[in-house]
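Working notes for the structure below.
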Amino acid sequence: MGEFISTRRKGFHMEFDNGIHVSVQFGAGNYCDNYDSFDFSCSMDQHSSNAEVAVYHEDHDDVCDWLDVNYFIPEAGGEGHGGVCGWLTPEQVAELLYKASIETRDTFWQKYGEFYKKTYEEELVFGRSRF
């Protein structure tokens, strides 16, 4: 079952029924207007005109695959597989949340499976972890 999770007054995390999780952060140190802020106390509400996001899929065996934000929001300009993507507008975050919520495991792997297979093989060659 999906749920909302608060993250110390600097953002939120959502889990959808399809196993996709989206983290939206906009506090001190996140890739947003508050990047250079030194208020890590989280004692006050945070405000920002943009946010940092990350997307991952977790299956029933607790296997976690970080997903490329660019596949959900191509114009986001993120740095590729497994990373977070910063400075997204509220409209881009809303689009990302919608697309992540309707994705199914089968349609995701049909669309992106070859990319992830290629990336995983490259990671094995270069000795990098998927996580």
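Where a number appears in this text, it was derived from the coordinates with a stated rule and is not lab data. None of these values were measured; they are calculated from a predicted model. Heads up, the Cβs are rebuilt from the backbone with ideal geometry, glycines too, and the neighbour counts pull from every protein chain shown.
Fewest-first ordering of Asp17, Asp36, Asp68 by other beta carbons within 10 Å of each residue's beta carbon gives Asp36, Asp17, Asp68.
By the count of other C-beta atoms within 10 Å, a proxy for reagent exposure, Val93, Val55 are ordered fewest to most as Val93, Val55. For Ser37, nonlocal amide neighbours, meaning residues 5 or more places apart or on other chains whose placed amide H falls under 5 Å from its own, are Gly29.
Of Lys99, Lys111, Lys10, the sequence from fewest to most neighbouring Cβ atoms within 10 angstrom is Lys111, Lys99, Lys10.
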